[in-house]
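Below is one structure, written out as structure tokens; the observations come after it.
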Amino acid sequence: MFVYRREDLPPEHEFPADLEKLGYFINENDQIRKIADPKEDFQYKINKNARVNDMQREAMSVNTPECIRKIVASRLRELNLTVLRLPLTSKVNEAHVPILVSSNLSTASRIIVVFGEPVQDLGIWAYRSIGVDGINAGSAVSFAKAVLHPETNGEGTNTESFSKCGDTALVLANTGQLIWHCGARRPMTLPSWLAYPRPSAVDPPLMMTHRNKIPSNGCWEDHVACVFDEILADRGRLVRHDVKINIVGIAEGGQGAIRHLSLNWEDWRGYISAIVLTNPLHSVDLELAVTDEISGSFLAFISSRCRAYVISDEPQGCPVPGARRHGCNCYSSGEQQHVECIMPRAWKHMLEWLNRAHADPTMYEAQLELKEMDDSDSEALSSNESNA
């Protein structure tokens with residue numbers, strides 16, 4: 001039998017832990033651009049091997065001194081967001097999930113909770129948007145600034161110095177970094193786990209065991225439940241007794257929130273004020289199925305105090321089909337291609353609606369009936385318009 005010796009195996013690809021050596025820089029518009037051609041943004045595909053591409057992206061996002069995640073974390077700290085570890089009893093060197101909460105969490109009368117996508121890092125909407133539109137735009141920085149310091153009305157690259165927050169608190173959950181790396185002693189997403197350096201280029205991925213599981217946060221659904229149970233339900237200590245909660249759910253994060261509330265609506269119906277979703281994944285037949293008075297009440301709440309933003313060619317904010325499937329009105333996000341870019345594109349529209357819903361508890365979504373036109377309807381409409 002022919003056996004390769006360890007030293008004969010092809011070496012693992014290595015990428016320098018330096019943004020400049022990777023061939024990129026951050027320009028004056030907070031965008032990541034190539035040094036060789038400042039008009040070009042980050043190039044993901046540099047090799048036919050997908051793992052090599054992932055390793056380069058991982059080096060760009062975490063390993064460089066100007067690491068995107070570190071830049072985002074630093075700017076969020078300047079906005080008075082601090083790290084809270086889940087479970088709350090965990091220590092720094094023990095398996096835990098970090099989330100970000102604003103310093104006014106225990107005093108604010110209103111809390112906006114964001115449940116993101118399981119593939120994204122804490123505080124990141126989409127690396128695609130970070131490269132094209134800027135670090136603040138593709139991360140939670142601009143959103144956090146608008147929530148906690150609405151009086152600034154700016155989206156510059158600097159967060160200046162903010163001494164205090166208003167009466168609205170912010171919680172950024174972490175549905176992505178749920179794998180504990182024992183050697184690195186930090187949590188990471190599945191993409192980061194798969195891109196982690198190996199002994200050689202042909203070695204298999206690291207094997208997961210029970211040691212890589214984080215207590216009470218084994219999956220994104222568990223994490224959503226943990227945020228509700230350990231943070232939002234701790235009234236009188238971590239949050240106010242009379243706090244009102246707005247939920248922003250992104251893809252699976254929104255689905256997890258809807259599922260948890262559907263199973264526990266009796267406990268939360270007096271505290272949840274409004275919900276806004278991007279790329280909704282829940283359905284009327286499953287999460288919103290009516291079996292008793294409580295589930296019927298939750299469906300009524302979703303239809304009146306919830307809305308969703310989806311991929312669409314229509315102008316931003318335009319009603320689009322989807323209410324029959326999701327139980328709530330659906331609107332165009334203004335994003336036409338990538339679901340992860342809905343939040344960077346539509347968060348201003350979403351936050352404006354949440355603010356109006358919070359200010360007016362009697363405000364309800366209009367019950368819209370939309371019809372999807374087929375080719376014959378479209379031709380008839382065009383004919384009528386031409387005859388008008």
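The values are calculated or read from the model by the stated rules, or taken from the named source; none is laboratory data. Computed from a predicted model, the values in this text were never measured in an experiment. Every residue, glycine among them, receives a Cβ derived from its backbone with ideal geometry; neighbour counts consider all protein chains shown. The area values use the complete protein model at the heavy-atom level, side chains included, leaving out ligands, DNA and RNA. Shrake-Rupley method; radii C 1.70, N 1.55, O 1.52, S 1.80 Å.
Among 36, 334, 10, which residue has its Cα furthest toward the positive end of the charge dipole of the chain, with +1 on Lys/Arg Cβ and -1 on Asp/Glu Cβ? Result: 10, furthest along the dipole toward the positive end. At a probe radius of 1.4 angstrom, the accessible area of the chain per residue rounds to 50 square angstrom. The angle separating the long axis of helix 293-305 from the principal Cα axis of greatest extent in the chain is about 80 degrees. Only Cα sites of the chain enter the Debye sum here, all with the same form factor; the resulting log10 I(q)/I(0) across q = 0.08, 0.10, 0.15 1/Å is -0.47, -0.71, -1.41, listed in q order.
Charging the Cβ of each Asp and Glu at -1 and of each Lys and Arg at +1, and nothing else, the dipole of the range 1-125 about its Cα centre rounds to 340 debye. Here the range 105-245 is treated as a sphere whose radius is the Kirkwood value from Cα pairs; by Stokes-Einstein at 10 °C and 1.306 mPa s it diffuses with a coefficient of 92 µm²/s.
When the chain is treated as a Gaussian network with alpha carbon springs shorter than 10 Å, the biggest mean-square fluctuation among 217, 93, 246 belongs to 93. Summing Lys and Arg as +1 and Asp and Glu as -1 over all other residues whose Cβ lies under 11 Å from the Cβ of residue 317 gives a net charge of 0. For the chain, the longest principal axis of the C-alpha atoms and the axis of helix 252-263 are separated by about 50°. Exposed loop sites were defined as GluC sites (Glu not before Pro) in DSSP loop states (anything but H, G, I, E or B) carrying at most 10 other C-beta atoms within 10 Å; in the chain the longest segment without such a site runs 29-368. Taking every alpha-carbon pair within the range 217-311, the share separated by more than 20 Å comes to 34 percent.
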